[in-house]
1. What is the local net charge at Gln135, summed over the other residues whose Cβ is closer than 9 Å to its Cβ (Lys, Arg +1; Asp, Glu -1)?
2. Could you pull out the pairs from Lys106/Lys134; Lys202/Lys231; Lys52/Lys231; Lys344/Lys420; Lys221/Lys269 whose alpha carbons sit more than 20 Å apart here?
3. What ranking do Glu119, Glu350 get, fewest neighbouring Cβ atoms within 10 angstrom at the top?
4. Please give me the summed charge of the neighbours of Thr258: other residues whose Cβ is under 14 Å from its Cβ, Lys and Arg +1, Asp and Glu -1.
5. Summing +1 for each Lys or Arg and -1 for each Asp or Glu, what net charge is found among the other residues whose Cβ lies under 14 Å from the Cβ of Thr158?
6. Would you mind classifying region 171-282 by shape? Square roots of the alpha carbon gyration tensor eigenvalues, ordered a ≥ b ≥ c; an a/c under 1.5 is rounded, otherwise it is prolate if a/b is larger than b/c and oblate if not.
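Here, each number is a calculation from the coordinates, and none is a lab measurement. Quick caveat, the model's predicted, so the values are computed rather than measured. Note that each Cβ is placed from the backbone with ideal geometry, even for glycine, and that neighbours are counted across all protein chains shown.
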Amino acid sequence: MAQFTHTFRQGSFVLMLLVGAGLWLGTSKPVQACACDTSKHGNILVWPQAKKNVPLSTKIWVRLPAYNLTLPYEKYSDFQKHPRFWSQRFQQKQMPLLLVHKNKNKYIPVYKTDLALGEWRMSVIQPSANLQPKQTYEVHIQGPGNLFAVLHTFTTGTESTTKDVPPAGVNNARYLWERPYKGACGPQSDYITVDVDANAAKNALFFGVWIADASGKINEKAMPHLVLRPKDGRLFLGKASRCQDRNFIFPKGQTQFTLGIRAGNIAGKWSPTETVTVSAQAMAAPWTWSPGGRVGFWLGLGFVLVLLSVARTWLFQRSSNNLLDDFLTQHDEIQNDMAWIALKQMVQRENGLRRNNFIVFFLQIVISGLGIYVFVKGLSHFSATPQSLSEHYLQAAILVLVLLLNAIIHLFLTFQVRTKRRKIKNFPKSKLFQATSQELLSRW
């Protein structure tokens with residue numbers, strides 16, 4: 001028995017090391033080499049993207065690269081007609097955007113709004129009156145002196161946009177923190193995905209996102225905090241990888257906030273507001289934990305469960321085994337007062353050990369239930385991200401394997417203890433102690 005317990009102590013220590021090493025390896029898989037598409041990173045985007053028959057009531061929406069970055073002019077193909085030397089002298093936030101009536105070679109009076117929620121500079125140029133039909137207009141970014149660059153050229157049609165915008169059809173808003181795509185560049189980042197209606201994604205030019213105030217109200221008269229296009233029927237708010245700018249910055253100090261989302265068209269018409277409430281980094285929402293937080297949870301859970309298993313085995317099951325061995329060594333029948341008193345004391349002590357063993361076992365069940373809850377919740381939210389889902393499976397599988405090994409050891413010890421109990425119950429007993437022994441051992 002001494003050799004077995006010594007071997008078990010060594011085995012338990014090794015198992016605890018395996019939990020830590022396995023969980024660490026499960027979340028330290030090498031990320032594929034980053035291969036950012038530099039031809040698209042940092043490009044200026046202008047809506048309307050059409051060059052002909054643009055509605056007369058259009059607004060011009062310009063998305064510029066990250067607000068704190070200097071415009072990259074290494075290649076002329078990246079931007080249209082940008083003087084190279086601007087790159088070292090001016091940042092794009094210092095450069096005004098202008099709308100020019102090319103046929104008359106004059107600037108058009110406009111209202112301009114910058115939507116600067118993330119690292120983007122999203123500017124909205126709204127002409128003070130409808131544009132003239134069959135005319136050509138240019139969107140300029142103005143540099144120092146008389147220098148400028150033409151960002152986009154378009155020709156108007158003859159009609160204004162009067163169509164209503166279909167509802168956004170918002171559902172399934174999720175806050176996640178992971179690598180969103182297999183092989184994505186850079187560290188894991190937190191982000192929000194919002195599924196939108198396929199018809200709205202097809203017919204709307206873009207979607208506007210408003211952040212509710214502290215009371216949960218959304219100011220629909222204000223311009224949206226963010227304007228973006230859906231990808232695969234889903235809006236992406238945050239930072240996908242280091243190849244992209246962060247288009248959304250989460251409200252500080254809030255684990256829950258409300259977003260208003262509306263589909264919009266080129267004329268600035270919006271569908272009715274649809275709201276979604278998002279939990280971010282909330283304790284009750286394990287899928288919103290950071291990757292390091294999730295690893296820490298599984299490490300902590302594994303350590304506690306293995307520690308409790310070792311405590312059960314060493315403090316209670318081992319003690320019960322030793323107690324029964326001592327009694328069996330000294331007695332082989334119940335024929336006198338000394339044997340009866342020894343049996344009674346042994347049963348009382350062993351019942352206390354069994355009670356404590358059950359309490360620790362119940363605590364293990366409760367903690368394991370917490371692990372099951374976290375696993376199931378993560379399973380439902382990581383279903384669309386194979387990389388995070390595989391890591392999720394790996395972390396839980398290693399813990400389950402270790403607990404199964406511990407369970408085998410517990411079953412082995414339990415079988416030993418029960419065999420010895422049956423042996424003691426079958427001891428020869430004198431008629432004087434027959435009834436009292438039967439009553440004592442029936443509750444054992």
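1. So the environment of Gln135 carries a net charge of +3.
2. The pairs that break the limit, which is 20 Å between Cα atoms, are Lys52/Lys231.
3. Ranked by crowding around the Cβ, least crowded first: Glu119, Glu350.
4. -1
5. With Lys, Arg at +1 and Asp, Glu at -1, the net is +1.
6. oblate
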